[in-house]
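Student: Here it is, the structure in full.
Values in this text are rule-based calculations from the coordinates and carry no lab data. Please read all numbers here as calculations on a predicted model, not as lab measurements. Note that we place each Cβ from the backbone using ideal geometry, even for glycine, and neighbour counts take in every protein chain shown.
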Amino acid sequence: MTLPAPPESGLRLISYNIRKCLGLDMRRRPERILRVLDGSEADIAVLQEADRRLPPRPSALPVELLDQAGWEALDLGGADSLGWHGNAILLRQGRATWRDKGHLPLPGLEPRGAVWAQVSGPQGDFVVIGLHLGLVATSRREQMQALMRHLDDLPDLPLVWAGDFNEWARGTVLDHNAPDMRFLPPRPSFPAAHPLGALDRIALRGGIEALDHGVITAQPARMASDHLPIWADLHLT
């Protein structure tokens, strides 16, 4: 789809499982992911699978390239990693800044965790949580319940969840597990070549709304990863 112009006063957020920069052509090309990010005109990028799988889990998207492209990568991983459990948050330099950040441990059979940041934009502050939930349904339920409990320890601000929820169900499973969150209407984002499942989702709570949202389907997004990126134009109310 052709993206509309980003909002003048709000911020555009993109959520993207970048598959460690490994495209459908089985080539690992970080610069291709950067082209997708830059083409989105996003101010905030929430990434999943941003690091290589094996220890020391080096970043799949070099921080030097991000800096040259005008992105600030929040230090959430340490060492050579970009994120934590593969989750990373990037901010467009000059458009958004951060005041605080951290990790949120999640239960489950697989090692999982979420990251968060208090983001400051033209309209004020809000909290962004980046996540990648497990493949097992019971684990996803436990992880969402854990996320809801973690909210008591975070700043009392408008809230955004963004990430790969790994949920194929077309019903209200996510809404039941997180009744305080308002999930944006689903848009198929996986698999990238022929999207069928809305695995990637964005949810809001409090005084924040989405003026528009969608999926980026144009090249190179259809080749750069097995997921398509999703986006939302956020407005504080």
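Student: Quick check, is residue 177 of a type in the set (S, T, N, Q), within 28 Å of residue 223 (Cα to Cα) and either surrounded by fewer than 21 Cβ atoms within 10 Å (Cβ to Cβ) or touching a strand residue (DSSP E or B) at 6+ places or on another chain (Cβ under 9 Å) (or both)?
Tutor: When the stated conditions are applied, residue 177 does not pass them.
Student: A follow-up question, please. Residue check: is residue 202 among the β-branched types (Val, Ile, Thr) and within 18 Å of residue 49 (Cα to Cα)?
Tutor: So residue 202 passes the test.
Student: Turning to a different aspect of this structure: Only one residue in 66, 24 is touching an Asp or Glu at 6+ places or on another chain (Cβ under 7 Å), among the aliphatic types (A, V, I, L, M) and over 23 Å from residue 111 (Cβ atoms), so which one is that?
Tutor: Going through 66, 24 in turn, the sole match is 24.
Student: For the subset of the stretch 85-111 comprising residues that are surrounded by 23 or more Cβ atoms within 10 Å (Cβ to Cβ) and touching a Gly at 6+ places or on another chain (Cβ under 6 Å), which member is farthest from residue 45 (Cα to Cα)?
Tutor: This residue is 106.
Student: Residue 149: of a type in the set (Lys, Arg) and over 20 Å from residue 17 (Cβ atoms), yes or no?
Tutor: Spelling it out, residue 149 is indeed of a type in the set (Lys, Arg) and over 20 Å from residue 17 (Cβ atoms).
Student: Yes or no: the stretch 155-167 includes at least one residue that is assigned to a loop (DSSP other than H, G, I, E, B), of a type in the set (Asp, Glu) and surrounded by 14 or more Cβ atoms within 10 Å (Cβ to Cβ).
Tutor: yes
Student: Name the one entry in 22, 82 that is surrounded by fewer than 22 Cβ atoms within 10 Å (Cβ to Cβ), in contact with a Ser or Thr (Cβ under 8 Å, 6 or more places away or on another chain) and closer than 19 Å to residue 227 by Cβ.
Tutor: Being surrounded by fewer than 22 Cβ atoms within 10 Å (Cβ to Cβ), in contact with a Ser or Thr (Cβ under 8 Å, 6 or more places away or on another chain) and closer than 19 Å to residue 227 by Cβ holds for just one of 22, 82, which is 22.
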